[in-house]
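Encoded as structure tokens, the structure appears first; notes follow it.
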Amino acid sequence: MRLLITAGPTREHIDPVRFLSNCSTGKMGFAIAEAAIAAGHEVELIAGPVSIKPPAKANYTPVVSACDMLAAVMKYLPIVDAVIMTAAVADWRPAEQAQDKLKKHTMEPVIKLVPNPDILSEIKKVKTNQLVIGFAAETRNALEYAKDKLERKGLDMIVANDVSLPGAGFAVDTNIVSFVTQKNIEHLPLMSKQEIGCEIIRRLEEMSR
Ligand code: CTP
């Protein structure tokens with residue numbers, strides 16, 4: 001299969017030196033990309049700014065903002081069999097992005113935000129027969145929110161994780177996830193992100209049969 005995997009945070013610039021972002025490091029998405037390549041799949045990997053190296057065999061597209069990521073996803077969507085949307089896309093961006101560094105004495109203490117596009121919802125509008133897997137990183141009611149996102153974003157599966165649990169979430173090498181589909185909820189124990197990557201690829205292969 002040819003897979004499109006997104007990873008990392010997005011960065012929404014206020015000016016050339018300041019931005020809004022989140023704690024994602026890209027580790028989970030890159031681990032999925034590695035697992036996919038090891039299983040013989042081709043990978044289009046689109047990631048926001050991260051400090052880790054992408055797998056050598058992935059076709060890598062680095063991006064900065066949610067809008068950049070949407071454009072890259074739409075470019076590759078027609079030529080892939082499945083999408084795994086691991087990226088922690090910023091929900092909002094500053095309404096205006098200054099071309100020059102803002103100066104303290106002229107800067108407003110309030111930043112006006114506008115909503116970013118929801119990439120999975122945009123995929124839902126135009127996709128043909130691609131399988132789509134999303135992620136739900138939550139700090140409470142993880143399964144409830146994940147089921148709602150599965151429906152709303154038209155997903156085949158969502159990987160739910162409670163990022164407040166020890167050993168789970170951002171910047172660590174392990175995670176605790178549940179696989180939620182229309183028919184089933186499967187809880188996995190604490191595992192390395194590599195192992196979870198392999199489990200996700202295995203589920204994707206089963207779904208594509
Ligand atoms: N996602 C997306 N586009 C966005 C925001 C999120 O495609 N603008 C994707 C993420 O990559 C993830 C899924 O949607 O696969 C769920 O992301 P999450 O941030 O948990 O959900 P939101 O829809 O942003 O909802 P909330 O922030 O209210 O939890």
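Search region 149-169 for residues being under 17 Å from the mean Cα position of the chain (by Cα) and among the acidic types (Asp, Glu), and hand back the single one that is farthest from Cys23 (Cα to Cα).
Asp156
With the structure loaded, tell me whether Ile196 is within 16 Å of the ligand (Cβ to nearest atom), in a helix (DSSP H, G or I), at negative phi and touching a helix residue (DSSP H, G or I) at 6+ places or on another chain (Cβ under 8 Å) or whether it fails that test. Break it down stepwise before answering.
Working: within 16 Å of the ligand (Cβ to nearest atom): yes; in a helix (DSSP H, G or I): yes; at negative phi: yes; touching a helix residue (DSSP H, G or I) at 6+ places or on another chain (Cβ under 8 Å): yes.
Here the answer is yes, as Ile196 does meet what is asked.
Restricting the first residue to region 77-102 and requiring it to be basic (Lys, Arg), which pairs with a second residue that is within 16 Å of the ligand (Cβ to nearest atom) meet a Cβ separation below 7 Å and a spacing of at least six or different chains?
Partner pairs satisfying both residue conditions: Arg93/Glu12; Arg93/Ser65; Arg93/Ala66; Arg93/Leu113; Arg93/Val114; Arg93/Asn116.
So, of the residues in region 77-86 that are away from the ligand (no atom under 14 Å from the Cβ) and either outside any loop (DSSP other than H, G, I, E, B) or modelled with pLDDT under 95 (or both), which turns out to be least open to solvent (accessible area, probe 1.4 Å)?
Ile79
Look at region 29-50 and say how many of its residues are open to solvent by less than 20 Å² (accessible area, probe 1.4 Å) and closer than 19 Å to Gly169 by Cα.
The number of residues fulfilling the criteria is 8.
Quick grid of which residues meet (1) open to solvent by 50 Å² or more (accessible area, probe 1.4 Å); (2) more than 10 Å from the ligand (Cβ to nearest atom):
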residue: Gly134; (1), (2): no, no
residue: Thr139; (1), (2): yes, no
residue: Leu143; (1), (2): yes, yes
residue: Glu151; (1), (2): yes, yes
residue: Ile158; (1), (2): no, no
residue: Asn161; (1), (2): no, no
residue: Pro166; (1), (2): yes, yes
residue: Asn175; (1), (2): no, yes
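From the set of residues in region 51-73 that are hydrophobic (A, V, I, L, M, F, W, C) and open to solvent by less than 40 Å² (accessible area, probe 1.4 Å), which is nearest to Arg2 (Cα to Cα)?
Our first condition is that a residue be hydrophobic (A, V, I, L, M, F, W, C); within region 51-73, this holds for 52, 56, 58, 63-64, 66-67, 69-73.
Then keep just the ones that are open to solvent by less than 40 Å² (accessible area, probe 1.4 Å); that gives 58, 63, 66, 69-70, 72-73.
On the way: Ala58: 11, Val63: 20, Ala66: 23, Met69: 18, Leu70: 18, Ala72: 15, Val73: 13 Å.
Taking the candidates together, the pick is Ala58.
Being open to solvent by less than 30 Å² (accessible area, probe 1.4 Å), more than 7 Å from the ligand (Cβ to nearest atom) and closer than 22 Å to Met1 by Cα is the filter here, so list the residues in region 87-130 that pass it.
Residues satisfying the conditions are Ile123, Gln130.
Just the residues that are without any contact (Cβ under 8 Å) to a residue 40 or more places away in the chain, part of a loop (DSSP other than H, G, I, E, B) and farther than 21 Å from Trp92 by Cα, please, taken from region 18-57.
Gly40, Ser51, Ile52, Lys53, Pro54, Pro55, Ala56, Lys57, listed by residue number.
The values are calculated or read from the model by the stated rules, or taken from the named source; none is laboratory data. Everything quoted here is computed from the prediction, not taken from an experiment. Note: ideal-geometry Cβ built from the backbone for every residue, glycine included; neighbour counts use all protein chains shown. Calculation scope for accessible area: heavy atoms of the full protein, side chains included, ligands and nucleic acids excluded. Shrake-Rupley method; radii C 1.70, N 1.55, O 1.52, S 1.80 Å.
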